[in-house]
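Since the structure comes first, as structure tokens, the remarks are kept for the end.
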Amino acid sequence: MSDIPPFRIGQGFDVHAFGEGDHVMLGGVRVPHDRGVLAHSDGDVALHALCDAILGALALGDIGVHFPPGDERWRGADSLELLRHCVALAGGRGWRLGNADVTVVCERPKVGPHAPLMRERIAGACGVALDAVSVKATTSEKLGFTGRGEGIAAQAAVLMVKA
């Protein structure tokens, strides 16, 4: 019998500063906004946090280890592809996503109207049912860098189960 339980929990966090642009990518969805984000890839904080949660649950390092920001292959990368890669890594080790809970932290843009499509995109990339994915948002009550509108953050928690 293995000492490894049939489940693992992971958590992830990501942040990006706002810069020039007319949208942000969140949960694989292009969300109109009066700013973009400063990032090497598409800067999708929701998916980056989710990737880190999956990788962390399996003790596989973090997103920067697998997709180094200095590596030109990842310039402008679609974060849904990064997520699919992390899910495939997990699958190759005998694990699958049980459920995911993602929270975006920002004053703007408003996430709620886009959350259903974000859930669909994430569920599709992870190969799970829609009800295994939660996407929600909160503000920081105008406190800190997100409250001042300087950037956007996200955190994610996952349950990984033995396949």
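The values are calculated or read from the model by the stated rules, or taken from the named source; none is laboratory data. Fair warning: this is a prediction, and the values are worked out from it, not measured in the lab. All Cβ positions, even for glycine, are placed from backbone atoms using ideal geometry, and neighbour counts span all protein chains on display. Surface accessibility is based on the protein's heavy atoms, side chains included, excluding ligands, DNA and RNA. Shrake-Rupley method; radii C 1.70, N 1.55, O 1.52, S 1.80 Å.
Some observations on this one:
- Number of residues in the stretch 41-84 that are under 15 Å from the mean Cα position of the chain (by Cα), farther than 17 Å from Ala156 by Cα and not hydrophobic (A, V, I, L, M, F, W, C) equals 5.
- Residues in the stretch 107-141 that are of a type outside the set (A, V, I, L, M) and within 18 Å of Asp34 (Cα to Cα): Glu107, Arg108, Pro109, Lys110, Gly112, Pro113, His114, Thr139.
- Candidate set from the stretch 5-48 (those that are free of Cβ contacts under 8 Å to residues at least 24 places away in the same chain and under 26 Å from Ala90 (Cα atoms)); member that is surrounded by the fewest Cβ atoms within 10 Å (Cβ to Cβ): Pro5
- Residue among Thr146, Thr138 that is open to solvent by less than 20 Å² (accessible area, probe 1.4 Å) and modelled with pLDDT of 95 or more: Thr146
- Every residue from the stretch 50-84 that is out of contact with any His (no Cβ under 7 Å at 6 or more places or on another chain), open to solvent by 60 Å² or more (accessible area, probe 1.4 Å) and farther than 30 Å from Lys142 by Cβ: Ala59, Val65, Gly70, Glu72, Arg73, Asp78, Glu81, Arg84
- Residues that are open to solvent by 40 Å² or more (accessible area, probe 1.4 Å) and in contact (Cβ under 8 Å) with a residue 12 or more places away in the chain occur at least once in the stretch 100-107.
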